[in-house]
Amino acid sequence: MASSCKSLRECERWRGEILREISRKVSKIQDAGLTDYEVRDLNDEINRLLREKRHWENQIVALGGANYRRNVAMLDDDGKEVPGTKGYKYFGRAKELPGVKELFMSKKKEEDEENKLHNYYKKFTNQGPGYFGDLDELDGSLLEYENRAEEEEWEDAYNHIRTVLGLSTDEPVPPIPRPVKPLSVLLTEASQVGGPPDSKRKAPESDGDGDVAMSAADASSTEVSKRPRKDGAHVQASVPSTGADTSTDAAMEAHAKRTAAYIPVLSPEILMPPKMPSREEMEKFLLELRKKALVEEYFGGEGAEEQG
């Protein structure tokens, strides 16, 4: 047993003996005069010696010696990894035995199919913007064709509606309501208008009473926050919130209206931020939940129904 040997020199000697034996058997398995049974026996002996060599190498590492365990893949003539190199291995004429040769051919066939599939999909990678149609609108011919198609569809739909409703056909068809600027320009301007203000830059001049109220509220809150604490007690800032909240809501509503003007699909109500509950409402809601939990804990479901 390799694990019973405690001498590093002895482990190295036994490993060398096994390597020489493996080399002799690998040379012998190349003989064309051997029968298939002898080839199989030789290949089994080589695999047994490889396992024994691995045991001695593990013992050498455990004793503080060199690490001979290298996971080097066996390659064929094309530079591809040979199947059966992890675990049971085939050497020399063992690769030409019945069943083994088919294993190698099936593995090579699978690799060829994978490479063929990979090469087929590889031509669709690293394509420019023209492949995805991003350059179709540069010359303007596609946009003109789309506009003509839209106008034809608009006229057909309008005439159909007039026919269904029984309206007179003497009036001309109204034009399609189109935006004055392209959609990309409108989205860019809307993002610039609704962008977050830069704290390092100077604040813009105020134009109304709402901005003055907001600046006054911010100044008062800053002054209160800069006051030191007295006698270890927490000083709570008493800031009048009525004017500040009104001015903030007005500013948000104005911003929502400006954004909705650029994007007709959205309404100002949708663009407004959701209304958050106040501190008193949250405390009341949590108190009701706590009461309900206590009633269910002590009285069960009947007490909760009576309370409700």
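Taken over the range 237-259, the residue count meeting the criterion of being touching a helix residue (DSSP H, G or I) at 6+ places or on another chain (Cβ under 8 Å) and either of a type in the set (Asp, Glu) or modelled with pLDDT of 80 or more (or both) is 8. Annotation: of all residues in the range 11-56 being acidic (Asp, Glu) and surrounded by 15 or more Cβ atoms within 10 Å (Cβ to Cβ), the one that is nearest to ALA94 (Cα to Cα) is GLU45. Confirm whether GLU113 is surrounded by 11 or more Cβ atoms within 10 Å (Cβ to Cβ) and at pLDDT 80 or above. Here the answer is no, as GLU113 does not meet what is asked. Within the range 253-293, count every residue that is open to solvent by less than 100 Å² (accessible area, probe 1.4 Å), assigned to a loop (DSSP other than H, G, I, E, B) and charged (D, E, K, R). Looking only at that region, the number is 0.
The values are calculated or read from the model by the stated rules, or taken from the named source; none is laboratory data. Note that the structure is a prediction, hence the values are computed from the model and not measured. Note that we place each Cβ from the backbone using ideal geometry, even for glycine, and neighbour counts take in every protein chain shown. SASA here: full protein model, heavy atoms, side chains in, ligands and nucleic acids out. Shrake-Rupley method; radii C 1.70, N 1.55, O 1.52, S 1.80 Å.
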